[in-house]
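Here the structure comes first, spelled out in structure tokens, and everything after it is commentary.
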Amino acid sequence: RVARSASFQRTTRRGSTGGGNLRFTGVADQFTRSLDSLMRTVEASDISFVRCFRPNGAQAALLFDEPLVRTQLASSGLLHAIQLARAAYPDSLEHAEVVGRYGLLVGIGSVRGGKAAPPDKTAASAILAALGVPSSQYAVGHTKAFFKHGVVIDLNNRRAEAVAQAASVVQRIGRGQLARRLATRARNAAAERARVDA
């Protein structure tokens, strides 16, 4: 049998100057609202797991006891698990990010017979293999690819170089087209002046 206590909350209508109305609020109602608020926060976040810690020993609201939380983090093994994860595969990207970021380095169309590769596990694996990343330096899961230290940095550098080269080519083509257009205008203007002088 669950004990149920009650409290009253004073609600005041906007624009009124009175004392407001008293509304009955039970503990279960407060808990439900708090739980709904927590679930909305969790659903709006990009998290992999939830671990709860006591913020203070007094169970008081808006009070954060840092030494207590540090002790809980250390005793729970969470810090050690994070250190191990970072030592093994500290970086991770979703399959869509792998395909979107690094597919251009190999030509996404060349990965699957001339068709654009969808952002799935097979496409991510194919792109990383085509880029020559050793299989010992990454692991591809169901939703993400995990990389050892330095792999993502190297891939990002290669991507930046490829983008810079592509931008240089585009600029060179644009400058060439502009120069030809100006030369054509100059020739036409010279021919027009020669015709008028004649």
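Give the dimensionless ratio obtained when the Cα radius of gyration of region 60-107 is divided by 2.2 N^0.38 Å.
Output field value: 1.95.
So what's the net charge close to A186: Lys and Arg +1, Asp and Glu -1, counting the other residues with Cβ under 12 Å from its Cβ?
Summing Lys/Arg as +1 and Asp/Glu as -1 gives +4.
No lab work stands behind these numbers, since they all come straight from the coordinates. If you're wondering where the values come from, they're calculated on a predicted model, not measured in any experiment. Note that each Cβ is placed from the backbone with ideal geometry, even for glycine, and that neighbours are counted across all protein chains shown.
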